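A.B. asks: Before we start, here is the structure in question, set down as structure tokens.
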Amino acid sequence: MASEAAARLLLLLSAHQLFFSCASAVDRSQFPSSNFLFGTSTSAYQIEGGYLEGNKGTSNWDVYTHKQGTIRGGSNGDTAADHYHRYMEDIELMHSLGVNSYRFSIAWTRILPRGRFGDVNPDGVAFYNAIIDALWQKGIQPFVTIFHYDIPHELDERYGGWLSPEIQKDFGYFAEVCFKMFGDRVKFWTTINEPNLLTKFSYMDGWYPPCRCSKPFGNCAFGNSSIEPYIVAHNMILSHANAVSIYRNNYQGKQGGQIGITVSARWYEPFRNTTVDLLAVQRAISFNAPWFLDPIILGDYPPEMRQMLGANLPNFTSKEKRKLQATKLDFIGLNHYTTVYLKDCIFSPCAVDPIDGDARVVSLAERDGVLIGEPTGTPYFYDVPHGMEKVVMHYKQRYNNTPTYITENGYAQASNHSMAANDFINDAGRIHYIRGYLTFLASAIRKGADIRGYFVWSLLDDFEWTSGYTQRYGLYHVDFKTQKRTPKLSAGWYRKFLKGSLLTRKSRNGSQPQHYTA
């Protein structure tokens, strides 16, 4: 017992020390004081559970995770973090943190179990109404993603889902139902989350449903990795434009909200300071977020993509270009986690890179025996905080400083069944990561970047897609057997940061900073 008490005391002292050692790098006062959003992010399939409850339909992920061997550990999202039954408890956790916004997604199959081929589900509408109303009661702004990876299985069965232009009608209908039902209280909408990643994982690598690919990227039963990703992306871009058009023409004026899209935004450094590797970086950037943002903001795909892909990259008709021009974004959402080195693969032979390989590059984490940053619990994600400033400043310049939100940024702890809550609570690595990335985000703001919000991924430990429950991103630990939530040290750090109690000032002689509570 004495040793237990001593251990607890040591943990408390180290936590106190950690809070204040973090203070010298960044504090709340370095961000805009009014209207700046600080929040946490989640997505429906990853936390809700409630599989088929409330007349929910079957999604692509419901079907996929029930197949043997698809998910690490044989798990699925049938229960996940049980947010479907515990959303009030989770909103209280957000309130205790002091966040002023919460980014979450709406499960398509809760609202439209069969897409436009069936009725609107009143139980699903009631569920999200309850969440939105509870958030407002706590002074928390809803920041809603319409599509975050989960699509009604029926749409895949009927016409091939995102491979068909028919999806534009379904997505537009789904978006309009959301605007109609929730738009009086939701002032921030993102149409699609990370389409640039989802497209590659589902149709180039075959990792995510519907698991379509071809060699050299994968060996799937169906698919064409050289063509299908670009067809899917084209349909996603036009689906986004359709939703924005519906919102602009019918809802935005009376509801007063804003609408954008969220993309994955890795940053890249050249492996060597050579012309070929510098050009490789430019190609990789073009095949990443600009694959979607260039058409939406500038009217067409990046020229590097046109040059590399030729006829495999679809063309926009004149009518489609006019629609894109008329449906400009109100903001960009960037999900940024890591930075990698890039090496050219046009003039040198390389292994196939599953994320950036279509740009004829390969990503590397190590140069001259030194890692680019500290590893995290997600393979190929490293703690490289300066990448935050670089990625923000690049898109500031590329898109004329369009208002931007960092819609995801977070740190994973590797997990397995033999580990207990105490193995995760002292998450010093996460505090170091968030502190560093916020420091460089503050620097970008000082240099003129129009950043309007930051969301930590994630509020809770959750179901991390094909990794199942083997990666824990939460500020709160979830025991998936009991569903008990336990705050990690990072939850306390974020709370103190948001309350402005991690401020520092220099001593009168200008030497070491002194700590005080604001």
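The values are calculated or read from the model by the stated rules, or taken from the named source; none is laboratory data. Bear in mind the structure is a predicted one, so any value in this text is a computation, not a measurement. Virtual Cβ from ideal backbone geometry, glycine too; neighbours counted across all protein chains shown. Side chains included, ligands, DNA and RNA excluded: accessible areas come from the protein's heavy atoms. Shrake-Rupley method; radii C 1.70, N 1.55, O 1.52, S 1.80 Å.
A.B. asks: Is it true that Ile296 is surrounded by 20 or more Cβ atoms within 10 Å (Cβ to Cβ), in contact with a His (Cβ under 7 Å, 6 or more places away or on another chain) and not aromatic (Phe, Trp, Tyr)?
C.D. replies: It is true that Ile296 is surrounded by 20 or more Cβ atoms within 10 Å (Cβ to Cβ), in contact with a His (Cβ under 7 Å, 6 or more places away or on another chain) and not aromatic (Phe, Trp, Tyr).
A.B. asks: Next question, about the same structure. Please count how many residues of the stretch 88-114 are open to solvent by 50 Å² or more (accessible area, probe 1.4 Å) and under 20 Å from the mean Cα position of the chain (by Cα).
C.D. replies: So the answer is 1.
A.B. asks: Between Lys396, Lys447, Lys343, which is charged (D, E, K, R), farther than 25 Å from Lys496 by Cα and surrounded by fewer than 17 Cβ atoms within 10 Å (Cβ to Cβ)?
C.D. replies: Exactly one of Lys396, Lys447, Lys343 is charged (D, E, K, R), farther than 25 Å from Lys496 by Cα and surrounded by fewer than 17 Cβ atoms within 10 Å (Cβ to Cβ), namely Lys447.
A.B. asks: Where in the stretch 42-105 are the helices (runs of 4 or more DSSP H), entirely inside, with at least 1 residues that are under 24 Å from Trp162 (Cβ atoms)?
C.D. replies: Working: elements: 44-47, 60-65, 83-97.
Here the list reads 44-47, 60-65.
A.B. asks: Out of the residues in the stretch 52-72 that are of a type in the set (A, V, I, L, M, F, W, C) and surrounded by fewer than 19 Cβ atoms within 10 Å (Cβ to Cβ), which is modelled with the lowest pLDDT? Quick ask: steps written out before the conclusion?
C.D. replies: From the stretch 52-72, those of a type in the set (A, V, I, L, M, F, W, C) are 52, 61, 63, 71; that's our starting set.
Subset that is surrounded by fewer than 19 Cβ atoms within 10 Å (Cβ to Cβ): 52, 63.
On the way: Leu52: 93, Val63: 98.
The extreme case among them is Leu52.
A.B. asks: Of (1) open to solvent by 10 Å² or more (accessible area, probe 1.4 Å); (2) touching a helix residue (DSSP H, G or I) at 6+ places or on another chain (Cβ under 7 Å); (3) under 20 Å from Arg266 (Cβ atoms), Ile425 satisfies all except one. Which?
C.D. replies: So Ile425 meets the others, but not (3).
A.B. asks: Hey, can you tell me all the residues within the stretch 483-512 that are open to solvent by less than 20 Å² (accessible area, probe 1.4 Å) and modelled with pLDDT of 95 or more?
C.D. replies: Result: Gln483, Lys488, Ser490, Ala491, Gly492, Trp493, Tyr494, Phe497.
A.B. asks: Can you confirm whether Ala243 is within 24 Å of Thr407 (Cα to Cα) and touching a residue at least 60 places away in the same chain (Cβ under 8 Å)?
C.D. replies: Values: within 24 Å of Thr407 (Cα to Cα): yes; touching a residue at least 60 places away in the same chain (Cβ under 8 Å): yes.
So Ala243 passes the test.
A.B. asks: Scan the stretch 325-349 for residues that are in contact with a Gly (Cβ under 8 Å, 6 or more places away or on another chain) and at pLDDT 95 or above and jot them down. Talk me through it step by step, then tell me what you get.
C.D. replies: Quick first cut of the stretch 325-349, residues in contact with a Gly (Cβ under 8 Å, 6 or more places away or on another chain) only: 325, 329-333, 336-339, 345.
Selection gives Leu329, Asp330, Phe331, Ile332, Gly333, His336, Tyr337, Thr338, Thr339, Cys345.
A.B. asks: Is it the case that Phe271 is in contact (Cβ under 8 Å) with a residue 40 or more places away in the chain and either closer than 18 Å to Ile259 by Cβ or touching a Phe, Trp or Tyr at 6+ places or on another chain (Cβ under 6 Å) (or both)? Even if it seems obvious, please write down each step before you answer.
C.D. replies: Values: in contact (Cβ under 8 Å) with a residue 40 or more places away in the chain: yes; either closer than 18 Å to Ile259 by Cβ or touching a Phe, Trp or Tyr at 6+ places or on another chain (Cβ under 6 Å) (or both): yes.
Yes.
A.B. asks: What do you reckon, is Val456 among the aliphatic types (A, V, I, L, M) and open to solvent by less than 60 Å² (accessible area, probe 1.4 Å)?
C.D. replies: Details: among the aliphatic types (A, V, I, L, M): yes; open to solvent by less than 60 Å² (accessible area, probe 1.4 Å): yes.
Judged against the criteria, Val456 is a match.
A.B. asks: Also, I was wondering about something else. So in the stretch 239-275, with the set limited to residues that are open to solvent by 10 Å² or more (accessible area, probe 1.4 Å) and among the hydrophobic types (A, V, I, L, M, F, W, C), which one is farthest from Pro216 (Cα to Cα)?
C.D. replies: Filtering first and then ranking leaves Ile246.
A.B. asks: While we're on this one: For Tyr469, work out the one condition from (1) open to solvent by less than 10 Å² (accessible area, probe 1.4 Å); (2) of a type outside the set (Val, Ile, Thr); (3) not in a helix (DSSP H, G or I) it doesn't fulfil.
C.D. replies: Status for Tyr469: all satisfied but (1).
A.B. asks: Return yes when Gly49 is open to solvent by 20 Å² or more (accessible area, probe 1.4 Å) and touching a residue at least 12 places away in the same chain (Cβ under 8 Å) and no when it is not.
C.D. replies: no
A.B. asks: Then there's this: Can you confirm whether Gly410 is of a type in the set (Gly, Ala, Ser), part of a loop (DSSP other than H, G, I, E, B) and in contact (Cβ under 8 Å) with a residue 12 or more places away in the chain? Spell out how you get there, then give the answer.
C.D. replies: On the way: of a type in the set (Gly, Ala, Ser): yes; part of a loop (DSSP other than H, G, I, E, B): yes; in contact (Cβ under 8 Å) with a residue 12 or more places away in the chain: yes.
Judged against the criteria, Gly410 is a match.
A.B. asks: Working carefully through the options Ile285, Ile259, find the one that is of a type outside the set (S, T, N, Q) and not in a helix (DSSP H, G or I).
C.D. replies: Numbers: Ile285 fails: not in a helix (DSSP H, G or I).
Criteria check complete, one pass: Ile259.
Matching residues to (1) of a type outside the set (Val, Ile, Thr); (2) more than 27 Å from Arg86 (Cα to Cα); (3) in contact with an Asp or Glu (Cβ under 8 Å, 6 or more places away or on another chain):
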{"site": "Tyr102", "(1), (2), (3)": "yes, no, no"}
{"site": "Trp108", "(1), (2), (3)": "yes, no, yes"}
{"site": "Gly124", "(1), (2), (3)": "yes, no, no"}
{"site": "Ala134", "(1), (2), (3)": "yes, no, no"}
{"site": "Lys138", "(1), (2), (3)": "yes, no, yes"}
{"site": "Val144", "(1), (2), (3)": "no, no, no"}
{"site": "Ile151", "(1), (2), (3)": "no, no, no"}
{"site": "Leu155", "(1), (2), (3)": "yes, yes, yes"}
{"site": "Ile167", "(1), (2), (3)": "no, yes, no"}
